[in-house]
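J.: Okay, handing you the structure first.
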Amino acid sequence: MSTTPEQLYNFGFIDEDSKREVRRQILKAIALPGHQVPFASRDLPIARGWGTGGLQITMAIIAADDTLKVIDQGVDECVNAVNLRRLLQRTTGVTTTVDTTAASIIQTRHRIPEEPMRRDQILVLQVPMVDPLRWVEPNLERATIMHGESDYGRMWVYMYESVVKAGDLRIATQYPVIVAGRYMMDTTPIPRWDVMRLHNAEALFLFGAGREKRIYAVPPYTTIEPLQFEDFRFKTEFVAGQICARCGAQDAFLTSHFVVDSDHPDGGHWRSSCSDTSFCDKRVLVNATNQEAPK
Amino acid sequence: MTTTFQPPSLFETFCTTTFRVLLDCMARPGTIGQIPEPSMFTQIPTITFDNQPILANRFALTSCLSLLDQETRFAQAANNTWIDAQSEINRWIQLRSNCRLSDAPNALFVYLWDSASSALLHELNPGTLTFPEQSCTAFVAVPEINDTEPTWRLRGPGINGHCDVGVHGVVADFVNHVNITRTNFPLGIDIVCIDAHGKCIALPRTCQISLK
């Protein structure tokens, strides 16, 4: 059996012309913060809707000296993140990491890492649904014209109706924001916790939607204003007294899961822990080191 | 048997490195990037003006080339005049990129050999309200860019407050010519200035430029 590597793929999997097209659209997306730029989304060895937009952006920008991190819901180890990281690693040979501070490109679904990102880092977000106007205008052609004319009145009515029906702004994720005072943008399914972390950030954020064939961007130091009313303000998921059961973090986005416990009268209990596992693991390690240190 | 990827060619590496420089400069207007040496391109044709041969800024021309392919339309101008599509330099570009040569209003990318040609920027396509991304991107060769003797103050997305940058040797009306293209945001021309040493700054249409 031959052990000679067979060079089947281009560096970064997609061909050079595809990369060039994605690159051109990324540059236009940066010049038009928050505007959705169409691109010819290519077929990849994963199904559309599983991160192909983010993947194509990463494939178009990645260089041999990059260090890559891929997360899904804040986790480096879940199936989707592992598969995307393996595909990128095998077709580029780049170094991969789980440490946010060591990465130069971070591809993510649903989260912005807890640790602040620097100017030499790029965050690539996978986007499931692009257009915030979809709730009020399902016709894409008409929604595009509305964006062109900055015609966002209907979205404000939608927000108002949300308050009237539910008593508050009932938007869990995909919170609509205005970017640089002009375009309304969907923040992908990042939690509200992360929305304001896009505001005047140091890092560049690139958003890719493979199924809907759109790219958009938030450059560094760009204003992000969530849609809100004077009497019904934008709120994050923060709950007073929240604490991570693993690392004790109080100022991090937590996820909850049910732990079966036969000794518990209810047969189990809910446990909250950091959604960003790399951040949490680091804190657990620091806590353990501090406890071991002689006093 | 293991499957692996083909190592990128010299030109592919140049394209990726150049793109990352352009990406950083476009995301942070005023940041000075360094375009890599386009060593794979030797003997770029010259153009003639007043019977004198003029050399292209190899960094600016080839970084523009790195974004061209069969889907793009390209034009170039020198000394305030569009260069004929049949000229040797246009054919040289077309052969290496497979781009289509076009007139100014339909070009997606243009290369301006000198800052005097910035007077032609108003002829370029600024996009439409619905599709502002279909606008033209202009690569302009300038004599010198530095951060030690600032001439312009830049503001806008990508800049923390303001950013001062020195662009030297350009015509007096250059900033006016640029500003005219971006009075109706989101319409506008995105501009990349590259100097003779490959130093590069980007002026996306969101960038407000004032003279120091």
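Read the figures in this text as sums done on the coordinates, not as results from a lab. Here the structure is a predicted model, which means the values were calculated and not measured. Note: ideal-geometry Cβ built from the backbone for every residue, glycine included; neighbour counts use all protein chains shown.
J.: Sorting check: for B:27-38, A:264-275, which peptide has the highest mean count of neighbouring beta carbons within 10 Å, and how do the rest follow? Each step should come with its number before you reach the end.
T.: Values: B:27-38: 21.0, A:264-275: 13.9.
Descending mean neighbour count gives B:27-38, A:264-275.
J.: Once the Cα atoms of the protein assembly as shown are picked out, what are the Rg and Dmax in Å?
T.: According to the Cα coordinates of the protein assembly as shown, Rg and Dmax are 24.6, 95 Å.
J.: Then there's this: About the Cα centre of the stretch B:1-78, what is the dipole size in debye to 20, counting +1 per Lys and Arg Cβ and -1 per Asp and Glu Cβ, all else neutral? Each step should come with its number before you reach the end.
T.: On the way: 4 positive and 6 negative charges, 26 e Å.
Its charge dipole is roughly 120 debye.
J.: Pull out the extension gain between residue A:250 and residue A:99, defined as 0.36 nm times the separation in residues minus the alpha carbon to alpha carbon distance; nm, one decimal.
T.: Numbers: separation 151, 0.36 × 151 = 54.36 nm, distance 2.05 nm.
Taking residue A:250 through residue A:99 to full extension adds about 52.3 nm, to one decimal.
J.: Give a residue-ordered list of calculated ³J(HN,Hα) values for the stretch B:138-143 (Karplus: 6.51 cos²θ - 1.76 cosθ + 1.60, θ = phi - 60°; whole Hz; x for Gly, Pro).
T.: Going residue by residue, I get 10, 9, 10, 7, 10, x Hz, with x marking Gly and Pro.
J.: Could I ask something else about it? What net charge do the residues around residue A:85 carry, taking every other residue with its C-beta under 14 Å from that of residue A:85, with Lys and Arg at +1 and Asp and Glu at -1? Before the final figure, lay out each step's value.
T.: Details: positive: A:69, A:86, A:90, A:109; negative: A:66, A:72, A:76, A:77, A:99.
Every neighbour counted, the sum reads -1.
J.: What helices in chain A pass both tests, a Cα length along the helix axis of 24 Å or more and a mean Kyte hydropathy of 0.0 or higher, using whole DSSP H runs? Mind dumping the intermediate values first?
T.: Details: long enough: none.
Sorted by number, there is nothing, because no helix extends far enough and scores high enough.
J.: If you take every DSSP beta bridge fully contained in chain A, what fraction is antiparallel? Give it as a percent rounded to 5.
T.: Details: 24 of 40 bridges.
Once the DSSP bridges in chain A are tallied, antiparallel ones form about 60 percent.
J.: Mean residue ellipticity at 222 nm from the helices of chain B, using -39,500 (n - 2.57) per DSSP H segment of n ≥ 4 over the full residue count, to the nearest 500 deg cm²/dmol? Present the calculation step by step, with values, prior to reporting the outcome.
T.: On the way: 4 runs with 43 residues, N = 212.
So the helix-based figure for chain B works out to -6000 deg cm²/dmol.
J.: What is the Cα centroid distance between the stretch A:215-258 and the stretch B:102-163, reported in whole angstrom?
T.: When both Cα centres are located, 37 Å separates them.
J.: Where in the stretch A:206-229 is the amide nitrogen less than 19 Å from a point lying 7 Å along the Cα-to-Cβ axis of residue B:208?
T.: A:219-225
J.: Report the charge-dipole magnitude of the stretch A:16-95 in Debye, nearest 20, computed about the Cα centre from +1 at each Lys and Arg Cβ and -1 at each Asp and Glu Cβ. Mind dumping the intermediate values first?
T.: Numbers: 11 positive and 9 negative charges, 42 e Å.
In total the dipole reaches around 200 debye.
J.: Among the aspartates and glutamates, select those whose C-alpha is under 18 Å from the C-alpha of residue B:199, and discard any that sit fewer than 8 residues away in the same chain.
T.: B:24, B:37, B:114, B:144, B:147, B:149, B:164, B:190
J.: Can I ask one more? Defining a contact as two alpha carbons under 8 Å apart and six or more residues distant in sequence, what relative contact order in percent does chain A show? Before the final figure, lay out the partial values.
T.: Details: 565 pairs, mean separation 59.7, N = 295.
Answer for chain A is 20 percent.
J.: Could you give the dipole magnitude of the protein assembly as shown about its Cα centre, charging the beta-carbon of Lys and Arg +1 and that of Asp and Glu -1, in debye to the nearest 20? Walk me through the intermediate numbers first.
T.: Values: 46 positive and 56 negative charges, 67 e Å.
Taking the Cα centre of the protein assembly as shown as origin, the dipole is about 320 debye.
J.: To make sure I understand, if each residue's beta carbon is the centre and we count other beta carbons within 10 Å, what order do A:207, B:41, B:14 fall in, fewest to most?
T.: Values: A:207 25, B:41 16, B:14 22.
So the ranking, lowest neighbour count to highest, is B:41, B:14, A:207.
J.: Same structure, new question: Determine, for B:118, A:18, the number of other Cβ atoms within 10 Å of each Cβ, and report the residues in order from fewest to most.
T.: Listed from fewest to most nearby Cβ atoms, that is A:18, B:118.
J.: So, one more: Using θ = phi - 60° and the Karplus relation 6.51 cos²θ - 1.76 cosθ + 1.60, list the HN-Hα couplings for the stretch B:199-211 in order, rounded to whole Hz, with x at every Gly or Pro.
T.: Ordered by residue, 3J(HN,Hα) equals 6, 9, 10, 10, 10, x, 5, 7, 7, 9, 10, 10, 7 Hz.
J.: List A:260, A:136, A:130 from most exposed to least, where exposure is judged by having the fewest other Cβ atoms within 10 Å. Don't skip to the answer; put the middle values down first.
T.: Details: A:260 8, A:136 18, A:130 25.
Listed from fewest to most nearby Cβ atoms, that is A:260, A:136, A:130.
J.: Relative to 2.2 N^0.38 Å, what does the C-alpha radius of gyration of chain A come to as a ratio? Two decimals please. Walk me through the numbers on the way to the answer.
T.: Numbers: Rg = 20.7 Å, N = 295, 2.2 N^0.38 = 19.1 Å.
The reported ratio for this selection is 1.09.
J.: What residue among B:4, A:144, B:41 has its Cα farthest toward the positive end of the dipole of the protein assembly as shown, where the charges are +1 on Lys, Arg and -1 on Asp, Glu, each on the Cβ?
T.: The residue sitting farthest along the positive end of the dipole is A:144.
J.: List, largest first, the extents of the alpha carbons of chain B along their principal axes, each in whole Å.
T.: In descending order, the Cα extents are 56, 50, 40 Å.
J.: Which residues' amide hydrogens lie under 5 Å from the amide hydrogen of residue B:140, considering only partners 5 or more residues apart or on another chain, with H built in the peptide plane?
T.: Here the answer is B:112, B:192, B:193, B:194, since their amide H atoms fall under 5 Å of that of residue B:140.
J.: Further question on the same structure: Here is the link list: A:69/A:282; A:19/A:213; A:28/B:212. Which ones come out longer than 20 Å on Cα distance? Before the final figure, lay out each step's value.
T.: Details: A:69/A:282 16 Å; A:19/A:213 14 Å; A:28/B:212 28 Å.
In this structure, A:28/B:212 exceed 20 Å between Cα atoms.
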